[in-house]
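Engineer: Starting off with a structure, shown below.
The values are calculated or read from the model by the stated rules, or taken from the named source; none is laboratory data. Remember, predicted model here, so these are calculated numbers, not experimental data. Quick reminder, even Gly has a Cβ in these numbers, built from the backbone with ideal geometry, and neighbours come from all protein chains shown. SASA here: full protein model, heavy atoms, side chains in, ligands and nucleic acids out. Shrake-Rupley method; radii C 1.70, N 1.55, O 1.52, S 1.80 Å.
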Amino acid sequence: MPAWLKGVCGAAVLAGSLVFSPPLWSSPAQAEHEADYETVQRGELTLSELQKGKVSGLVENRWFAPGADAEPAHEEFTGTLIVPESQMSTEPAKFTSRSVQGKDPKIFPALRLSFFTYKGDLVPVSQDVIRAGSISGTRSYWDIIVQPGKLWSEAGDKGWSRASFPFALANSREGETHNGVATFLYKGNRISRLQYQVVQQTSPYNVVDYFTAWGTVWAGVTQTVEASGAEDRGLPVNLTKLKATYQQDIDDRLLIKSWDDLGNRVGAAKLKDFDSAMSPSDLLVSGLYFDGKLYLKECNSAAGPLPYCDRQRFGVWSMGNSLTNLVALLRLGQKYGPEIYNEKIVDYIRPGYNGDDWADVTFVDALNMATGIGRGSIKRDPNNIADGYIDEAYGRWYEARGIQQKLDWLFKDGQKYPWKPGEVARLRDEDMFLLGVAMDRLVKRKEGAQADIWSLLMKEVYAPIGIRYAPTDRTIEAKGEGAYTAKGGQPLMAFGYYPTLADMVKIAQLLQHGGWHAGRLLLDDKKLAELLPAKAGVNPKLRGLPTGNFNKYGELTYAWSLWQAPFDSAEGCTLRVPQMDGWGGNYIVMMPGHITAIRLGKSWKPDADVADTTGMMQVANRLTSFCH
């Protein structure tokens, strides 16, 4: 087994032995370094360097992970790291702005990060969005999401143990991630400096600079653990329960293999042009779920393959429309009946402005982004789905903190089009947010004030399919003049959900199996039958609204948050293939044969190469029939 694969994906350090769980995928790029790494002493992030805290730039990511000579940690780590704010070194050194919404994007956030040890993993108590930059009283712009890492020891560390973990910088009003990895050494109640680097990102919005970052900081440590999520910050935790949940997460993990493994299985020729013409510099990672396994290409970053790629969380922007809102509405339809889809928004939310314009808008109109409200032109033939999408008014809604503030701007700035709801699709994140609020209030009306849409989604859909953690951005609710609470608000639902690669596959597979999982019907199978891949001419009225976006086979349509892409199979049939689409080149493509393709990108400009998913369809069609 390759050293890198053992260290990053499969190592489970137990007292007195090093045990390896089933490998997820191997990395050819890192495998090239294995021979040297197995015989040469550690060249970066040595004990001395981490104690002195001198760092001049990015180091190869592999030094943040266990190598082939890794031994079990000398002791477990259970405690809380207390990390002060500190200025990051960055490339570029100068940002376009050092003040974004009044905060500094070059400052690493102040944090209290609690961890426990489980089977050699360094497990954060919270895998939620930990608010730091998005609340008052801090300088940093960034919140953070922390994921499980590893514990180990090395012969040259004089009895100290090592720890590392992946993280993503994010902001609770945005939808991107800046992914990185951090490490420290510990011995008893002492720790070294914490060293971190940010080496990959999805597409930015408010912080327009594409950047990498690195730094080192003295962190305090306590022997106690505490909750740090948006809903439970500072509360005591039940470690027994946390460990049981983490074991369930381990049990439910997908089998992940390398892209080379797929090539060896089916022949490399069948995988040609999978990423179409998308520039490699814009591509983060791509892969194919086929025959029960997720086959991944390299997880690209500025410092070599990204460690813990299977555990990293990604800001996928508007793919969240489908991953959250679509799934939630289909769950409500299955649970309460399909009449839910035609519930009126105004029966759950009273508009503070222009109320008459919203009188006939339904839940499904919002999911179709066809509310008949917007700020674009009245030109509809041909339609441009992005007409009126991003403007000054959008910024007011986007930067609003609380739920009522967002609703007020949404209703105040929206203008009624001369067509009826349900007739024309126009991109509006505001509508997706509005739907989330309406569904939340419907759930409260049916199940009591203590109920909420995100808890329902977690308990009744995500957990049954093996998603135990689902960090998401929420509104930031006021608790007093000029202050905002760390407690969670309404999930944004339009963007701001941060899935792992496996989470994306699990949700797509649930949809592709008609809402069924392990013999249980979780979603409305009848509605899903109208949305899944279909040959052209089958239920044409159910395949969506015109968008003005085209691939080489024709115009894409939009239905229930899914982009229906035309595809002419070499077998002789034409299909509509549903896909999720997020800013920057993020795609999940759901194809016949229960094949799912994923591609994550960071492109600023949504050109034809970035939007082209036909290569993924062609590869899948070489692996299975699309027409029979």
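Engineer: Just checking, which of Thr222, Thr202 is more than 25 Å from the chain's Cα centre (by Cα) and not acidic (Asp, Glu)?
Structural biologist: Thr222
Residues checked against (1) surrounded by fewer than 16 Cβ atoms within 10 Å (Cβ to Cβ); (2) more than 30 Å from Gly395 (Cα to Cα):
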site: Glu49; (1), (2): no, yes
site: Glu85; (1), (2): no, no
site: Ala93; (1), (2): yes, no
site: Val129; (1), (2): no, no
site: Gly137; (1), (2): yes, no
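Engineer: Select the helices (runs of 4 or more DSSP H) contained entirely in segment 350-428, then report the ones holding at least 1 residues which are open to solvent by 40 Å² or more (accessible area, probe 1.4 Å).
Structural biologist: 392-399, 403-413
Engineer: Okay, moving on. Report yes if Leu151 is farther than 14 Å from Ile82 by Cα, assigned to a strand (DSSP E or B) and either at pLDDT 95 or above or in contact with a Phe, Trp or Tyr (Cβ under 8 Å, 6 or more places away or on another chain) (or both), otherwise no. Explain how you work it out, then say what you get.
Structural biologist: Values: farther than 14 Å from Ile82 by Cα: yes; assigned to a strand (DSSP E or B): yes; either at pLDDT 95 or above or in contact with a Phe, Trp or Tyr (Cβ under 8 Å, 6 or more places away or on another chain) (or both): yes.
Answer is yes for this residue.
Engineer: Only residues that are aliphatic (A, V, I, L, M) and in a loop (DSSP other than H, G, I, E, B): list them for segment 560-616, please.
Structural biologist: Of everything in segment 560-616, just one residue is aliphatic (A, V, I, L, M) and in a loop (DSSP other than H, G, I, E, B), namely Ala570.
Engineer: Among what's in segment 276-288 and is open to solvent by less than 10 Å² (accessible area, probe 1.4 Å) and out of contact with any Asp or Glu (no Cβ under 6 Å at 6 or more places or on another chain), pick the residue that is farthest from Val199 (Cα to Cα).
Structural biologist: Top of the filtered list is Leu288.
Conditions tested, residue by residue: (1) open to solvent by 10 Å² or more (accessible area, probe 1.4 Å); (2) touching a Gly at 6+ places or on another chain (Cβ under 9 Å); (3) more than 21 Å from Trp397 (Cβ to Cβ); (4) assigned to a loop (DSSP other than H, G, I, E, B).
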site	(1), (2), (3), (4)
Ala168	no, yes, yes, no
Glu174	no, yes, no, yes
Tyr196	no, yes, yes, no
Val199	no, yes, yes, no
Asn206	yes, no, no, yes
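Engineer: Would you pick out the residues in segment 295-308 that are in a loop (DSSP other than H, G, I, E, B) and either open to solvent by 20 Å² or more (accessible area, probe 1.4 Å) or closer than 30 Å to Val443 by Cα (or both)? Steps first, answer last, please.
Structural biologist: Of all residues in segment 295-308, those in a loop (DSSP other than H, G, I, E, B) come to 297-301, 303, 305-308.
Result: Lys297, Glu298, Asn300, Ser301, Pro305.
Engineer: Sort out which residues of segment 99-133 are assigned to a loop (DSSP other than H, G, I, E, B) and of a type in the set (Gly, Ala, Ser), and write them in order of number.
Structural biologist: Passing the criteria: Ser99, Gly102, Ala110, Gly120, Ser126, Ala132, Gly133.
Engineer: Another question about this same structure. When you scan segment 173-196, how many residues do you find that are modelled with pLDDT of 95 or more, more than 15 Å from Leu81 (Cα to Cα) and touching a Lys or Arg at 6+ places or on another chain (Cβ under 9 Å)?
Structural biologist: 3
Engineer: Looking at this structure, is Trp516 open to solvent by 10 Å² or more (accessible area, probe 1.4 Å), modelled with pLDDT of 95 or more, within 22 Å of the chain's Cα centre (by Cα) and farther than 30 Å from Thr138 by Cβ? Break it down into steps so the answer makes sense when it comes.
Structural biologist: Numbers: open to solvent by 10 Å² or more (accessible area, probe 1.4 Å): yes; modelled with pLDDT of 95 or more: yes; within 22 Å of the chain's Cα centre (by Cα): no; farther than 30 Å from Thr138 by Cβ: yes.
In short, no.
Engineer: Here is a follow-up. Would you mind stating whether Thr485 is modelled with pLDDT under 95 and among the β-branched types (Val, Ile, Thr)? Let's see the steps before the verdict.
Structural biologist: Values: modelled with pLDDT under 95: yes; among the β-branched types (Val, Ile, Thr): yes.
So Thr485 passes the test.
Residue by residue, here is whether (1) buried (at least 19 other Cβ atoms within 10 Å of the Cβ); (2) within 16 Å of Gly615 (Cα to Cα) holds:
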residue: Ala268; (1), (2): no, yes
residue: Phe274; (1), (2): yes, yes
residue: Phe290; (1), (2): yes, yes
residue: Asp310; (1), (2): yes, no
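Engineer: For segment 303-317, check the following and say yes or no: at least one residue is farther than 28 Å from Tyr558 by Cα, in contact with a strand residue (DSSP E or B) (Cβ under 9 Å, 6 or more places away or on another chain) and of a type in the set (A, V, I, L, M).
Structural biologist: Yes, some residue in segment 303-317 is farther than 28 Å from Tyr558 by Cα, in contact with a strand residue (DSSP E or B) (Cβ under 9 Å, 6 or more places away or on another chain) and of a type in the set (A, V, I, L, M).
Here is a yes/no grid of residues against (1) under 16 Å from Val198 (Cα atoms); (2) charged (D, E, K, R); (3) touching a helix residue (DSSP H, G or I) at 6+ places or on another chain (Cβ under 8 Å):
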position	(1), (2), (3)
Gly43	no, no, yes
Gln51	no, no, no
Leu58	yes, no, no
Phe64	yes, no, no
Ala73	no, no, no
Glu76	no, yes, no
Gln87	yes, no, no
Val100	no, no, no
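Engineer: Within segment 51-65, which residues are crowded, with 20+ Cβ neighbours inside 10 Å and either polar (S, T, N, Q) or modelled with pLDDT under 95 (or both)?
Structural biologist: Hit for segment 51-65 is Asn61, nothing else.
Engineer: Given the conditions (1) modelled with pLDDT under 95; (2) part of a loop (DSSP other than H, G, I, E, B), and given that Gly156 satisfies all but one, which numbered condition is not satisfied?
Structural biologist: Of (1) modelled with pLDDT under 95; (2) part of a loop (DSSP other than H, G, I, E, B), only one is false for Gly156: (2).
Engineer: Taking Met319 and the conditions (1) hydrophobic (A, V, I, L, M, F, W, C); (2) in contact with a Pro (Cβ under 9 Å, 6 or more places away or on another chain); (3) part of a loop (DSSP other than H, G, I, E, B), which numbered condition does it fall short on, given that it satisfies the others?
Structural biologist: The number of the failed condition is (3).
Engineer: Among what's in segment 429-455 and is part of a helix (DSSP H, G or I) and among the small types (Gly, Ala, Ser), pick the residue that is most open to solvent (accessible area, probe 1.4 Å). Working first, answer last.
Structural biologist: So the first thing to find is which residues in segment 429-455 are part of a helix (DSSP H, G or I), and the list is 429-447, 453-455.
Within this subset, residues satisfying the condition of being among the small types (Gly, Ala, Ser) are 436, 438, 455.
Details: Gly436: 0, Ala438: 0, Ser455: 64 Å².
Ranking the candidates gives Ser455 first.
Engineer: Which pairs have Cβ atoms under 6 Å, sit 6 or more apart or on different chains, and link a residue in segment 483-496 that is more than 21 Å from Val316 (Cα to Cα) and open to solvent by less than 20 Å² (accessible area, probe 1.4 Å) to one that is outside any loop (DSSP other than H, G, I, E, B) and modelled with pLDDT of 65 or more?
Structural biologist: Once the first residue is more than 21 Å from Val316 (Cα to Cα) and open to solvent by less than 20 Å² (accessible area, probe 1.4 Å) and sits in segment 483-496, no partner that is outside any loop (DSSP other than H, G, I, E, B) and modelled with pLDDT of 65 or more comes close enough.
Engineer: Answer yes if at least one residue in segment 134-141 is modelled with pLDDT of 95 or more, in contact with a Pro (Cβ under 6 Å, 6 or more places away or on another chain) and over 26 Å from Gln490 (Cα atoms), and no otherwise.
Structural biologist: No, segment 134-141 has no match at all.
Engineer: If you don't mind, another one. Among the residues of segment 208-221, are any open to solvent by 40 Å² or more (accessible area, probe 1.4 Å), at pLDDT 95 or above, closer than 19 Å to Tyr141 by Cβ and not aliphatic (A, V, I, L, M)?
Structural biologist: The answer is yes; a qualifying residue exists.
Engineer: State all residues of segment 603-628 that are in contact with a Cys (Cβ under 7 Å, 6 or more places away or on another chain) and within 13 Å of Asn551 (Cα to Cα); if no residue qualifies, say none.
Structural biologist: None - no residue of segment 603-628 is in contact with a Cys (Cβ under 7 Å, 6 or more places away or on another chain) and within 13 Å of Asn551 (Cα to Cα), so the list stays empty.
Engineer: Here's a follow-up. What number of residues within segment 520-549 satisfy the criterion of being modelled with pLDDT of 95 or more, open to solvent by 70 Å² or more (accessible area, probe 1.4 Å) and outside any helix (DSSP H, G or I)?
Structural biologist: Qualifying residue count, segment 520-549: 1.
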